[in-house]
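*Asks:* I'd like to ask some things about the structure below.
The values are calculated or read from the model by the stated rules, or taken from the named source; none is laboratory data. Small disclaimer: the values here were computed from a predicted structure and weren't measured. Every residue, glycine as well, gets a Cβ built from its backbone with ideal geometry; the counts of neighbours run over all protein chains shown. Areas reflect the complete protein model, heavy atoms only, side chains present, ligands, DNA and RNA absent. Shrake-Rupley method; radii C 1.70, N 1.55, O 1.52, S 1.80 Å.
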Amino acid sequence: MIYDSAQSWRDAPQKRVLFFGMSGLGKTHVSQILRDQGDWFHYSIDYRIGTRYLGEDIADNAKREAMKNPYLRELLMSDSIYIASNITFANLKPVSMWLGKPGDVAEGGLPFPEYQRRQDLFRRAEEAALLDTTSFIERAESIYGYPHFICDTGGSICEWVDPENPDDPILKALSASTLMIWIKGTEDHTAELIRRFDRAPKPMAYQPAFLARAWADYLVEKDLAADKVNPDDFIRWTYAKALAHRQPLYAAMARHWGVTVTAQQIADVRSAADFDDLIAATLDGRMRG
């Protein structure tokens, strides 16, 4: 790790961290606290995906929907209006809406092959955005003068890496330039995430083998044809399984490539000084352990 002790962390003139873990456990919250201190650059992987790598696909999909409306079609065809997504750190809905959900088209779903195609595009976009981290560290300092750097990753980072492989290209690159920090939730957090997701299910990205297995199992269990699947029901059914699938992957990433803090510890952070103390204590505990 680039900081091997509490003292090396405290003495570092440039602090560089990467947060990973399930969405909803505080990655973006603590990133914003640090960013608001004025000397931390916040690099959002999901924002990078939506603006740099999938921006055209997202806009094109919105145009296809608009072309179904005669009024909007005429305006588009005459260049009287233009369509673009308005992605921000706080609003990544254009990305999730583009990613979609598989199932009955009449209920807003995507045919499963199209859903798989978009999943693959998202995977490639996320891998590229993760590997852009090093260049953004350099840009943040050389252009804007930020000494400290946060990489705020999406929950699906664990789907595209092999934490048991010491030569995994993504993890090797990220750990060489940042301290990788797993924000770990408790069983209570998991239950709350499931309740929150059940109220408002949203698209997710899955490891291809996991997705194929979940889709096949769902069709058998529900005794449904693929084109009769309720998209939200499938996403809800899959979510808890995805949490269980991801947990050991996150744990292995932390064990081999970084450190672990709890979601409660992150929730207690109110300032950059609090965060410095938390990471110093975590590194000290890892050394003793």
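*Asks:* Any idea how many residues of the stretch 142-192 are farther than 25 Å from LEU283 by Cα and either of a type in the set (Asp, Glu) or outside any helix (DSSP H, G or I) (or both)?
*Replies:* 7
*Asks:* Further, regarding this structure: Just for the stretch 121-167: of the residues that are of a type in the set (Gly, Ala, Ser) and in contact (Cβ under 8 Å) with a residue 60 or more places away in the chain, which one is most open to solvent (accessible area, probe 1.4 Å)?
*Replies:* ALA128
*Asks:* Given the condition within 21 Å of the chain's Cα centre (by Cα), at pLDDT below 95 and hydrophobic (A, V, I, L, M, F, W, C), answer yes or no: does some residue in the stretch 243-259 qualify?
*Replies:* Within the stretch 243-259, one or more residues are within 21 Å of the chain's Cα centre (by Cα), at pLDDT below 95 and hydrophobic (A, V, I, L, M, F, W, C).
*Asks:* Please enumerate the residues belonging to the stretch 233-267 that are assigned to a helix (DSSP H, G or I) and open to solvent by 50 Å² or more (accessible area, probe 1.4 Å).
*Replies:* ASP233, ARG236, LYS241, ALA244, GLN247, PRO248, ARG255, HIS256, GLN264, GLN265
*Asks:* Shifting gears a bit: Can you tell me how many residues within the stretch 25-41 are open to solvent by less than 50 Å² (accessible area, probe 1.4 Å) and more than 24 Å from SER142 (Cβ to Cβ)?
*Replies:* 5
*Asks:* Give me a count of the residues in the stretch 217-230 that are open to solvent by 50 Å² or more (accessible area, probe 1.4 Å) and either free of Cβ contacts under 8 Å to residues at least 60 places away in the same chain or under 20 Å from the mean Cα position of the chain (by Cα) (or both).
*Replies:* 7
*Asks:* Ok, one more. Go through the stretch 1-54 and tell me which helices (runs of 4 or more DSSP H), entirely inside it, have 1 or more residues that are of a type outside the set (Ser, Thr, Tyr) and out of contact with any helix residue (DSSP H, G or I) (no Cβ under 7 Å at 6 or more places or on another chain).
*Replies:* 6-11, 27-36
*Asks:* Just to be sure I understand, how many residues within the stretch 63-108 are within 30 Å of THR153 (Cα to Cα) and either over 31 Å from the mean Cα position of the chain (by Cα) or of a type in the set (Asp, Glu) (or both)?
*Replies:* Residues flagged as within 30 Å of THR153 (Cα to Cα) and either over 31 Å from the mean Cα position of the chain (by Cα) or of a type in the set (Asp, Glu) (or both) within the stretch 63-108 amount to 1.
*Asks:* Can we say ALA267 is among the small types (Gly, Ala, Ser) and closer than 21 Å to GLY285 by Cβ?
*Replies:* Taking the combined requirement at face value, the residue satisfies it.
*Asks:* Do you know which residues across the stretch 30-44 are at pLDDT 90 or above and more than 13 Å from the chain's Cα centre (by Cα)?
*Replies:* VAL30, SER31, GLN32, ILE33, LEU34, ARG35, ASP36, ASP39, TRP40, PHE41, HIS42
*Asks:* Let me ask something else about it. For the subset of the stretch 95-120 comprising residues that are among the small types (Gly, Ala, Ser) and either in contact (Cβ under 8 Å) with a residue 24 or more places away in the chain or touching a helix residue (DSSP H, G or I) at 6+ places or on another chain (Cβ under 7 Å) (or both), which member is surrounded by the fewest Cβ atoms within 10 Å (Cβ to Cβ)?
*Replies:* Among those residues, the one meeting the criterion is GLY108.
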